[in-house]
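For reference, the structure is listed below as structure tokens.
What follows draws every value from the coordinates through simple rules; no lab data is involved. Bear in mind that the values here come from a model prediction, so they are computed numbers and not experimental data. Cβ sites come from the backbone with ideal geometry, for glycine too, and all protein chains shown count toward neighbours.
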Amino acid sequence: MLARTVTVGQAPPARRDVGGLLRARRERLQPEDVGLPRGPRRRTAGLRREEVAMLASISATYYTFLEQGRDVRPSRQVLDALATALRLDGAERAHLHELAHGVAPDPDAGPERLADGVAALVARLDPHPTYVTGRCWDVLAANRAARALFCDWPAVAPEERNMVWWMFTGADARAVYVEWEREAAALLARFRAAADRHPGDPEFSELIERLHRASPQARAWWSRHEVLPLGGAGTKRLRHPDHGDLLLSHVVLQVAQHPDQKMVTFAMAGDDDTPLHRLAATPAARRTPGP
């Protein structure tokens with residue numbers, strides 16, 4: 001069996017999240033998915049713990065400790081074996097490693113700042129809606145078109161200038177995103193992957209706690225342990241009350257000096273930019289107050 005470190009005690013939150021992820025992924029698999037016979041009188045949802053342990057070449061007791069959220073410290077070799085056994089994709093495998101081992105916080109980290117040149121670029125990209133979010137998805141800059149389409153970020157309280165908070169706590173986000181449920185779930189999964197890279201970070205912890213209190217849907221989806229890598233490009237259908245539905249393509253770019261900062265810029269899916277010029281001339285959207 002694979003080597004592992006066994007220390008059992010009171011588990012920190014990240015260990016409990018490891019257990020939640022393992023359990024959620026075990027329950028979504030069926031024996032035939034991993035080449036095992038179903039057998040008679042199966043009552044367990046998905047695979048049994050013993051079956052996952054066997055597939056990963058670890059003891060059933062050790063796997064049970066992991067799933068129960070005990071304070072055990074699996075090696076990276078064990079985590080890779082579990083990821084293979086549970087058929088995790090690349091983002092989920094990285095998520096598992098980050099939950100178990102995390103990334104050390106930067107002791108020199110201070111208030112997040114956006115380089116002047118990046119802020120100037122965002123403004124120059126009008127009439128194409130463009131905004132930049134930081135490591136916790138705080139909105140650090142947004143041009144006129146983005147403020148007209150999404151939210152007048154400078155006009156709201158500092159703690160509300162956050163894309164994830166806006167997505168889940170304001171009725172206007174559901175109006176802007178035609179496919180709100182899909183978009184919100186994907187955003188939360190990407191935010192969770194980012195949060196797991198900063199275990200113990202008080203800014204992430206405080207935002208997650210506030211979000212769970214304010215949004216039952218975010219709280220319920222969080223328990224599914226969905227994670228996604230940062231998206232690079234795609235198409236979204238967005239809606240403005242004066243300009244109707246807009247089919248927009250978008251790209252996501254990371255700031256080289258600060259990879260946690262993401263620039264998102266939109267363009268019309270077709271060749272006619274006239275709707276965006278009209279949008280940029282529209283007054284900034286007024287956010288519907290959240291909880």
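For region 117-218, relative contact order (Cα pairs under 8 Å, six or more residues apart, normalised by length) works out to 21 percent.
The label point for Q77 and the one for Q254, both projected 7 Å from the Cα toward the Cβ, are 2.9 nm apart. By the count of neighbouring beta-carbon atoms within 10 Å, fewest first, Y131, Y177 end up ordered Y177, Y131.
Principal-axis analysis of the Cα atoms of the chain puts helix 90-101 at an angle of about 70° to the longest axis.
Over the residues of the chain, the helix contribution to mean residue ellipticity at 222 nm works out to -12500 deg cm²/dmol, using -39500 (n - 2.57) for each DSSP H run of at least 4. Build a GNM of the chain with springs between Cα atoms under 10 Å: which of D260, D172, D17 gets the top mean-square fluctuation? Of D260, D172, D17, the Gaussian network model singles out D260 as fluctuating most. Which one of F150, M54, A285 has its Cα pushed farthest toward the positive end of the charge dipole of the chain, where Lys and Arg give +1 and Asp and Glu give -1 at the Cβ? In the chain, that residue is M54. Specify the angular offset, from 0 to 90 degrees and rounded to the nearest 10, of the alpha carbon long axis of helix 76-85 from the longest principal axis of the alpha carbons in the chain. Taking Cα atoms only, the helix is inclined about 90 degrees.
Dipole of region 116-280 computed with +1 at Lys/Arg Cβ and -1 at Asp/Glu Cβ about the Cα centre; of L125, P199, H240, farthest Cα towards the positive end is P199. If you take the alpha carbon atoms of region 116-280 and fit the smallest convex hull around them, that volume is 115 Å³ per residue.
Taking other C-beta atoms within 10 Å as the exposure proxy, F204, F168 rank F204, F168 from fewest upward. A Förster distance of 30 Å, applied to the separation of the beta-carbon atoms of A91 and R42, puts the FRET efficiency at 0.50. Taking label positions 7 Å along the Cα-Cβ direction at both W180 and E209, the computed distance is 2.8 nm, reported to one decimal. With a ≥ b ≥ c the root eigenvalues of the C-alpha gyration tensor of region 13-101, is it rounded (a/c under 1.5), prolate (a/b larger than b/c) or oblate? Prolate. Rg/Rh for the chain stands at 1.04; both radii use Cα atoms, and Rh follows the Kirkwood definition.
Each of V18, V251, V118 was scored by other Cβ atoms within 10 Å of its Cβ. Arranged with the fewest first, they read V251, V118, V18.
So how strong a dipole does the chain carry about its Cα centre when Lys and Arg Cβ are +1 and Asp and Glu Cβ are -1, to the nearest 20 debye?
On the way: 40 positive and 37 negative charges, 241 e Å.
Dipole size: approximately 1160 debye.
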